[in-house]
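Values quoted throughout were computed directly from the atomic coordinates according to the rules given, and no laboratory measurement underlies them. All of these numbers come straight from a predicted model, not from anything done at the bench. All Cβ positions, even for glycine, are placed from backbone atoms using ideal geometry, and neighbour counts span all protein chains on display.
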Number of protein chains: 2
Amino acid sequence: MNFEMSSNPQPKVLLFGAGSVGAVYLYLLSKITDTTAVCRSNYDTVKENGFIINSSIFGQGVHFKPNVVRSCEEAAPKTSELYDYIIVCSKAIPGGVPKLIAPVVTPGHTAIVLIQNGVGIEDEYLQAYPNNSIISCVVYLPASQRPAGVITHGEVEKLQIGAYPSSASSVRAQAFTELIKSGGGTAECFDDVQPKRWLKLLINASWNPICALTLSKDTDVLAASSEATEVLLAVMLEIRDIAASYGHTITREEVEFQLGRAQARIPKNAGIEPSMLQDVQASRRIEVEAIVGNPVRMGKEKNVPCVRLEMLYVLVKALDIQISKR
Amino acid sequence: MNFEMSSNPQPKVLLFGAGSVGAVYLYLLSKITDTTAVCRSNYDTVKENGFIINSSIFGQGVHFKPNVVRSCEEAAPKTSELYDYIIVCSKAIPGGVPKLIAPVVTPGHTAIVLIQNGVGIEDEYLQAYPNNSIISCVVYLPASQRPAGVITHGEVEKLQIGAYPSSASSVRAQAFTELIKSGGGTAECFDDVQPKRWLKLLINASWNPICALTLSKDTDVLAASSEATEVLLAVMLEIRDIAASYGHTITREEVEFQLGRAQARIPKNAGIEPSMLQDVQASRRIEVEAIVGNPVRMGKEKNVPCVRLEMLYVLVKALDIQISKR
């Protein structure tokens, strides 16, 4: 036993949703915290072998072995060692997770960290845990897990962090930012992280459903018709207008820059398969509400015209329900 | 030999596109005309066994055996017996069929009958055959062919017929109408059949791409989100507005009636799989341009707002190209 450690114990971290993004951050945190992962489909493999991470940034063949449990019940703190952070990295499907993490959330103590896409995802946590810090994070970390336990991670890793709501104390958000940085990650804490959510949504709420519906990479959609570029731009401008109605400014130049990234990849034939397309191809449920439904409802609430986004919502919602019947 | 017949020979009819709709009309015409079918994927079966038609209207287990050829070259008239009618019942995919039927089209003699969905499909025939009658038909005949040579046909059969363009002589269109009626079919000749095309497009340009993109029956789309009904109505109203800009009036009541047909089937769980959905499921190319692309371009030409239809076009066009790569 290390007296230093026991007198100044490591923060205790639980990961809920041990997909590729969660595994990478748990790896970084495992260097400096006491980490446990709730694993579901990949439990047996990770319990036996831990994770292998092949990352352009953090190294190839990196092996790490967190404590693994099957559920939050199994992870519930039996001693006085309360969880300091619950990191939710599962897909943002509304309605279930706040209840699932209840056994590991200590009121007034545990910070709930949401590393998820979409907008409007925090409220159900705030309502369930009004006395806990909610930390909202926008993540840029292209990665996949295939087979179970083996993570492939590309050349970007960035976490944008803020308290939710932005008027709440940012003490825990700042502490979590420092923790990620201590682990070797790239994190920045913002007074209000919501504009960052909307900036990422520009890509997610447009390309994700469009590629999922057409079963196509982004560049293939652009190349398919002469009308596609204009339509994609129009969808992104609708998202920008909704963001603006909530006080989050995205410039037209930022919109055109984001669209231009896909356009620039056409000649290189370097199309991207957004996560929603990967989900459809694997017959997995898709994050319809967080990524498309919530912005549409927020837009309509403020009377912002968003008929293209609404069309995408109606389509991808029907597709998701169809997938759920498979 | 029947002298009556040889002095007053039967009309000579060639069917191009021996799908379910084509087979039913060829059966009706086979009673009173000399019929030949160009069969492609179903050649061997139809050559050997003919067609079996199971129809709610024309009877179950109806067997008929037309002359069958593999191509128009093979069907080219070797004697003075020119084809009086070429009936094109293939899918309306632009760019190829006018050339394919060239061996059987006699300038100034053969009437070209298009029994196909969509709008703007006639021009390529008119350009290729400026001295032939072009007869444009809107068909209501729910049918499928599975396995090859076996047709299942539901309870509707209706053909709406007109010369193309509507300013052209309608003599041949009227004669074809009488021919169908003589064979036992339901046909009506109109001075201008284009408004009928647009009325059918109300359903085809909306439900077809929406069901194909969502892999869902029409009722499942409506049930998937509270926004769906309003969006479907809006798409149909865009189609109505484009039709109006070309002088074809569809009332709002007609639009609501068409949408209501799907709504009424929700409680009965009697969803319909439009042909485009069936095509996607079978990895077959889809009639994107005739059904969605042409109306969008026609709408934009007249500055009619149709952003929802344009969105559907961009999506279903990308999907079609994706299918072509399978």
remark   = Note: probe point = Cα of B:SER324 + 7 Å toward Cβ; backbone nitrogen < 12 Å; residues of segment B:88-103 passing the test are B:93-96
ask   = At A:ILE93, with labels set 7 Å past Cα in the Cβ direction, how many nm apart are the copies from this one, shortest first?
value = 3.7
Three-way shape call for segment A:3-191 based on the alpha-carbon gyration tensor, with the a/c threshold at 1.5 = rounded
request  = Using a 10 angstrom cutoff on alpha carbons, build the Gaussian network for chain A and name the most mobile of A:THR35, A:THR110, A:THR249.
outcome  = A:THR249
ask   = Measuring label to label, 7 Å along Cα→Cβ, what does A:GLU301 give against each other copy in nm, shortest first?
value = 4.4
remark   = Full extension between A:GLU230 and A:THR152 adds, at 0.36 nm per residue less the Cα distance, a length in nm of 24.7 nm
key: Projected label distance in nm at B:LEU82 and A:GLU188, using a 7 Å step from Cα toward the beta-carbon   = 7.7 nm
request  = Can you grab the distance from the C-alpha centre of segment A:140-213 to the C-alpha centre of segment A:235-285, Å, no decimals?
outcome  = 16 Å
key: Helix-only CD estimate at 222 nm, as mean residue ellipticity for the protein assembly as shown, using -39500 (n - 2.57) per DSSP H run (n ≥ 4)   = -13000 deg cm²/dmol
key: At R0 = 41 Å, FRET efficiency that the Cβ-Cβ distance of B:HIS109 and B:ILE266 yields, to 0.05   = 0.20
request  = Show the residues, 5+ positions off or on another chain, whose built amide H is closer than 5 Å to the amide H of A:VAL150.
outcome  = A:ILE52
message = Please list, ordered by chain and number, the residues whose modelled amide H lies under 5 Å from the amide H of A:ALA18; skip anything fewer than 5 residues away on the same chain.
response = A:ARG40
task = Sort B:THR36, B:THR214 so the one with the fewest other Cβ atoms within 10 Å of its own Cβ comes first.
result = B:THR36, B:THR214
task = Quick one: net charge around A:VAL296, please, counting Lys, Arg +1 and Asp, Glu -1 for every other residue with C-beta under 13 Å from its C-beta.
result = -2
key: Under the span-like rule (Cα at least 18 Å along the axis, Kyte-Doolittle mean at least 0.5), DSSP H helices of chain A   = A:228-245, A:307-324
task = Partner chain Cβ atoms within 10 Å, averaged over the residues of B:304-316 - can you pull that number for me?
result = 6
inquiry  = Assume the label is 7 Å from Cα along Cα to beta carbon: what separations in nm does B:GLU48 have to the matching positions in the other copies?
reply    = 5.0
Listed residues A:THR106, A:LEU15, A:GLY120: farthest to the positive end of the dipole of segment A:3-191 (Cβ charges) = A:LEU15
Ranked B:LYS91, B:LYS99, criterion: other C-beta atoms within 10 Å, fewest first = B:LYS99, B:LYS91
ask   = At B:ARG70 and A:ASP44, where each label point lies 7 Å from the Cα along Cα→Cβ, what is the point-to-point distance in nanometres?
value = 5.2 nm
Contour excess over end-to-end distance, with Cα ends at B:SER169 and B:GLN278 and 0.36 nm allotted per residue = 35.5 nm
inquiry  = If neighbour count is taken as other Cβ atoms inside 10 Å, put B:GLU81, B:GLU287 in order from fewest to most.
reply    = B:GLU81, B:GLU287
note = The ratio Rg/Rh over the Cα atoms of chain B, Rh being the Kirkwood inverse mean 1/r radius, stands at 0.97
ask   = Given the pairs B:LYS99/B:LYS217; A:LYS31/A:LYS78; A:LYS65/A:LYS158; B:LYS65/B:LYS268, which span a C-alpha to C-alpha distance of over 31 angstrom in this model?
value = B:LYS99/B:LYS217; B:LYS65/B:LYS268
remark   = When the charge dipole of segment B:3-192 is computed with +1 on Lys and Arg Cβ and -1 on Asp and Glu Cβ about the Cα centre, the Cα farthest towards its positive end, among B:SER170, B:THR36, B:TYR25, belongs to B:THR36
remark   = Sorted by chain and then number, the residues having a modelled amide H within less than 5 Å of the amide H of A:VAL113, at least 5 places away or on another chain, are A:ILE86, A:ILE87, A:VAL88, A:ILE135
message = Just to be sure I understand: with springs between alpha-carbon atoms less than 10 Å apart, which residue in A:GLY95, A:GLY149, A:GLY118 has the highest mean-square fluctuation in the Gaussian network model of chain A?
response = A:GLY95
request  = Please get the size of the charge dipole for chain B, origin at its Cα centre, with Cβ charges of +1 on Lys and Arg and -1 on Asp and Glu, quoted in debye to the nearest 20.
outcome  = 560 debye
inquiry  = As a test of understanding, state the convex hull volume per residue of segment A:195-324 from its alpha carbons, in Å³.
reply    = 94 Å³
query = To the nearest 20 debye, what is the magnitude of the charge dipole of the protein assembly as shown about its Cα centre, counting +1 on the Cβ of each Lys and Arg and -1 on the Cβ of each Asp and Glu?
reply = 980 debye
ask   = Anyone know which of A:ALA223, A:ALA143, A:ALA111 comes out most mobile in the 10 Å Cα GNM of chain A?
value = A:ALA223
